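Report on the structure given below.
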Amino acid sequence: LTRFAIGRYFRGMVKGLLIAAALLLGLIGIMAGIGAALPVNHTASLQAVYPAPRDSVYALITDLQRFTEWRSGLERVEQRPPASGKPRWVEAGGDGEILFEAAESERGRRHVTRIADPELPFGGTWTFELEDAPGGTLLRITEDGEVYNPIFRFMSRFVFGHRAGVEQYHSDLA
């Protein structure tokens, strides 16, 4: 190959890389624009019936030491000192480490967990409501989430889906 052909080849490669970079930046800009137009808050709810007494289901979903036995993607759970009398713990897994607290709890009926780390790009609560049902216990989980970063908000809405975490939790619990 001549020097001219090699130069033309590399100029073509650089031009292709610049076009690819511009397209990628444009796509990120579109995602950020759409994400900025979406509301920060969302609600996702899902319920299922489990063939166990309400107290048994409640005990399982509140027993921090057993979470890693049945929740997929969860590597470890570490209890932390309570804050304002509310139990706190860190869950470590694929999403990194997340600090939670038990915002409220009514044994066998209702349990609310809240993300307690204000530095994260998301936050919110999960409300677990338990009722007696034919064949066992009806468990309704409602996520009242907040996604602060517009790109994460776009991904949460259009790629992962707001219900993905709740669906996975129910699947693991089953």
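The values are calculated or read from the model by the stated rules, or taken from the named source; none is laboratory data. Since the structure is predicted, the reported quantities are computational estimates derived from the model, not experimental observations. Every residue, glycine among them, receives a Cβ derived from its backbone with ideal geometry; neighbour counts consider all protein chains shown. Accessible surface areas use protein heavy atoms only, side chains included; no ligands, DNA or RNA. Shrake-Rupley method; radii C 1.70, N 1.55, O 1.52, S 1.80 Å.
Quick notes on this structure:
- Among the residues of region 134-174, those identified as aliphatic (A, V, I, L, M) and farther than 24 Å from Phe67 by Cα are Val147, Ile151, Met155, Val159.
- Filtered by the rule that a residue be β-branched (Val, Ile, Thr) and either without any contact (Cβ under 8 Å) to a residue 40 or more places away in the chain or touching a His at 6+ places or on another chain (Cβ under 8 Å) (or both), region 116-147 gives Thr125, Thr127, Ile141, Val147.
- Pairs where the first residue, in region 5-30, is within 30 Å of Met155 (Cβ to Cβ) and the second is modelled with pLDDT of 85 or more and open to solvent by less than 100 Å² (accessible area, probe 1.4 Å), C-beta under 9 Å, 6+ apart: Ile28/Ile151; Ile30/Phe154
- Matching residues, region 33-88, being farther than 21 Å from Gly145 by Cα and among the β-branched types (Val, Ile, Thr): Val49, Val57, Thr68, Val77
- Exclusive hit being among the small types (Gly, Ala, Ser), over 22 Å from Glu167 (Cβ atoms) and open to solvent by 80 Å² or more (accessible area, probe 1.4 Å), set Ala37, Ala22, Ala5: Ala37
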